[in-house]
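The values are calculated or read from the model by the stated rules, or taken from the named source; none is laboratory data. No experiment lies behind these values; they were computed from the predicted model shown. Don't worry about glycine lacking a Cβ; one is built from the backbone with ideal geometry, like all the others, and counts go over all protein chains shown.
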Amino acid sequence: MTFVTLLEGCGLLASLATLLIVTRALSDVGRVRRSALMALVALLALGHLANVLETLGQGWADTFADQFSIMVPFLWGLFLLETGRGYLSERLAASDEQERFFLDSVPASVAWLDGDARLLGFSHAWSRALPGSLPGKRLSESLDVALPQLEAAVASCARAGEGSDERLVSESARGADGRARHFPWCVRC
């Protein structure tokens with residue numbers, strides 16, 4: 001019995017030391033994650049305290065120890081969920097920032113399309129060349145002239161199992177003013 005009390009006492013001291021470290025070391029961590037971790041460590045400490053009291057003959061402490069042991073995995077799960085959500089949010093923001101940097105910097109007309117040939121994103125050069133382009137708009141609606149070879153290549157790319165034709169193609173079409181215009185393009189799947 002004294003060995004169990006000693007072990008629980010060591011667990012209590014370790015939990016209190018961890019709580020002290022958490023309160024001092026995690027100033028740069030988000031408020032929710034820090035609060036969840038502090039609550040988790042505090043519950044561990046209270047669980048150890050209740051177990052020490054139980055081994056010292058306080059029968060009522062057993063109920064508290066049981067309740068604390070039930071709440072610890074729940075709080076640990078919340079902590080992990082919040083930490084994962086925070087990490088994924090940071091990675092997504094970094095990815096969005098990299099995409100924006102690329103789209104702002106690339107001098108070529110570049111666009112991303114979904115399987116229905118709708119624009120997902122495009123470079124500034126694309127928006128200057130095709131000012132009617134909007135995210136969610138079909139490629140054919142964004143083009144001011146018909147480019148059947150480009151539309152066929154995009155449709156072929158969207159079909160499952162079709163390979164990527166990465167050669168540079170130049171397609172000509174007459175604009176609304178009657179002048180011939182040349183459109184070099186390349187489709188990558």
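Taken as a whole, the structure places A45 among residues that are in contact with a Leu (Cβ under 7 Å, 6 or more places away or on another chain), buried (at least 17 other Cβ atoms within 10 Å of the Cβ) and part of a helix (DSSP H, G or I).
Here's the yes/no breakdown for (1) in the same structural domain as R31 (by TED's automatic domain parsing); (2) out of contact with any helix residue (DSSP H, G or I) (no Cβ under 7 Å at 6 or more places or on another chain); (3) more than 30 Å from A36 (Cβ to Cβ):
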residue	(1), (2), (3)
R85	yes, yes, no
E90	yes, yes, no
L120	no, yes, yes
E171	no, no, yes
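In the range 144-166, the residues that are surrounded by fewer than 15 Cβ atoms within 10 Å (Cβ to Cβ) form Cβ pairs under 9 Å with partners that are among the small types (G, A, S) and at pLDDT below 75, at six or more places apart or across chains, as follows: S156/G163. Look at T63 and say whether it is modelled with pLDDT of 80 or more, of a type in the set (V, I, T) and out of contact with any strand residue (DSSP E or B) (no Cβ under 9 Å at 6 or more places or on another chain). Against the criterion (modelled with pLDDT of 80 or more, of a type in the set (V, I, T) and out of contact with any strand residue (DSSP E or B) (no Cβ under 9 Å at 6 or more places or on another chain)), T63 qualifies.
Selection within the range 52-66: residues that are assigned to a helix (DSSP H, G or I) and among the aliphatic types (A, V, I, L, M). The member of this set that is nearest to C10 (Cα to Cα) is V52.
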